[in-house]
Structure formats: C-alpha cells, structure tokens
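Everything on this sheet refers to the single structure shown next.
Nothing in this text is a laboratory measurement; each read-out follows from the coordinates by a stated rule. Since the structure is predicted, the reported quantities are computational estimates derived from the model, not experimental observations. Don't worry about glycine lacking a Cβ; one is built from the backbone with ideal geometry, like all the others, and counts go over all protein chains shown.
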Amino acid sequence: MNIHAATQLLLDARNSGVVLDWRRLAVGDAATAYAVQDAQLLQLGPVGGWKVGSKGDGAEPACSPLPASCVLASGALLAGPQWRLRGLEVELALRVGRDFDPGDTLPAREELQGVFDAVMPAIEVVETRLGKLPCDNPWAAMADLQCHGALVIGAARPMPATVLELRDVLASLSIDGREEVRARGGNPADLWPTLSWLARHCALRGMPWKKGQVVTTGSCTGLHNARSGTLVEARLEGVGAVSLRFAG
C-alpha cells in the first residue's frame, strides 16, 4: 500500500468514526509510519505540538506531531462519537519558547532548557482509528498519530529553576472525584535525552519546533479509561492541575 492510500484510510476513519481494520494498513516500518503521519497533518492542519515517549531502556523513542486543533485548554468538553475508548494519560508538557532547529546535532540539556519557557500539566486522550489497544501492528498505531485523540493542557508555569526529571514527577488522576492512580516516577523515560532526540528528529523531518508548540513527554500514570459523562481531573505536583469532561 502506498502512503497516500494509508493516509486516506486513516482520515476517512477519523472523519466517519467507523473503525478501520488495522490489517488494511500495510505499514511495516517507522519511516513509512512517519510519512503517513506527515501526510495526515497536511490535511488536519498546522502542527500544534509533539508527543514523544520512550521505554527508558535504551530503545529509540517514538513520536507524532499533534494537530493544533487537538490541543485544548483545561476544562474542555469532549463530545461526539469519536470518543470511543476515552483513554487517559497524565503527562508533563513543555512549551517551546522560541523557534528551534538544531539540524543534525543532538542538543545538550543546557541548550534545551533555554528553548522551553513553560511547563504544563496535561491529559492526553488516547483514541485509535484501528479498533482496539494495543494494536497488533505497532507501526500501524504509529501511523495513526500514535493513537492520539486530544491533548488537554493546564495553565502554563515558568520553567523551574531546578532541572526537571520525569522520575521525580508525582502525578494523580481522578474520575468523578475518585482518585484512580497516584504515582511518582511512573514515566521511565530519561527526559532530556528524549527531548534531544525529538529536536533532531523533527529538524531532520523538515518540521523543526516553532514558538508556542507544546511537547508532551509520555504517561506518568499508565493508561486508564473513563466512561462517557464523566469529569476527569489530573494534577502534577509543583506544576498544576488540568481537567476535562466527556459528554454523556
């Protein structure tokens, strides 16, 4: 299958809400998956940010651009048939404070700290056009914008004076007032090497970071699911709170 055909299948599924059989996506490697991501963003609108994650075991991170239309402010109401799974991940997000293009170099932590101007609590809403999670073909899931539904972000706070590390983050998630999880260090990724990888990856992909974009760095709580009609609240200690509601 060519990139155009895979892209059109995913866009059709996104627009119709009809589940797409992942076996129809002949995506067999990262390069093809990223090309399908790029082709979708040409149709879905400008890039509002990036999601990146790492297993923290030396494996290469994986990422996806996020449509600006899917980056929402805290308090968002999510309504419609596209919210089938209502998967939830509490994440630490950083705001890009200036355009940044490192070219083919891996920027050092000290340089990256000067690129970001704010941190924010975030809830990524995980959805897939491919029927179920996890998908039996991880490359197909990557092509599907890494199963991205929306990124809901709380108020921005200036970058802290101390060096941020994901292993220090205390995160909590509540649904309708009931705490589902509270975890410290739930994200195994090494933050600054992961961000360095992403900065170079985006530059080489021809999509370097732009001022105002948001980079979200992977789940600090694991994946949880909500019912329709529920209020979802999350907090990152020292960073802030964020909420959303699913329509009934």
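Calculated FRET efficiency, Asp29 to Glu179, Cβ-Cβ distance, R0 = 41 Å: about 0.50 to the nearest 0.05. In a simple Cβ point-charge model (Lys, Arg +1; Asp, Glu -1; nothing else charged), the stretch 111-220 has a dipole of about 220 debye relative to its Cα centre.
A Gaussian network model of the chain, with springs between Cα atoms under 10 Å, assigns the largest mean-square fluctuation among Asp190, Asp136, Asp144 to Asp136. Maximal additional length on extending the Ala161-Ser16 stretch stands at 47.6 nm, based on 0.36 nm per residue less the C-alpha distance. Candidate values [x] 17.2, 53; [y] 18.8, 58; [z] 17.1, 49 were compared with Rg and Dmax of the Cα atoms in Å computed on the shown model; the agreeing label is [z]. The residues packed around Ala141, meaning those with a beta-carbon under 11 Å from its beta-carbon, carry a net charge of 0 if Lys and Arg are +1 and Asp and Glu are -1. Adding -39500 (n - 2.57) for every DSSP H run of four residues or longer, then dividing by how many residues the chain holds, sets the calculated 222 nm ellipticity at -6500 deg cm²/dmol.
For Val163, neighbours were defined as the other residues whose beta-carbon sits under 10 Å from its Cβ, and their charges (Lys and Arg +1, Asp and Glu -1) total -2.
GNM on the chain, C-alpha springs below 10 Å: top fluctuator among Ala155, Ala234, Ala171? Result for the chain, Cα springs under 10 Å: Ala155 fluctuates most. Remark: the chain carries a charge dipole of roughly 540 debye about the Cα centre, counting +1 on each Lys and Arg Cβ and -1 on each Asp and Glu Cβ. Listed by chain and number, the lysines whose alpha-carbon sits under 24 Å from that of Lys55, ignoring those within fewer than 8 places in the same chain, are Lys132.
Sort Cys63, Cys135, Cys220 so the one with the fewest other Cβ atoms within 10 Å of its own Cβ comes first.
Cys135, Cys63, Cys220
Give, as a single signed number, the net charge of other residues whose beta carbon lies under 15 Å from the beta carbon of Arg24, with Lys and Arg counted +1 and Asp and Glu -1. Net charge in that neighbourhood comes out at 0. Which residue fluctuates most in the GNM of the chain (Cα springs below 10 Å): Val181, Val169, Val152? It is Val181.
In a fully extended conformation the segment linking His4 and Leu77 would gain 23.0 nm over its present Cα-Cα distance, using 0.36 nm per residue.
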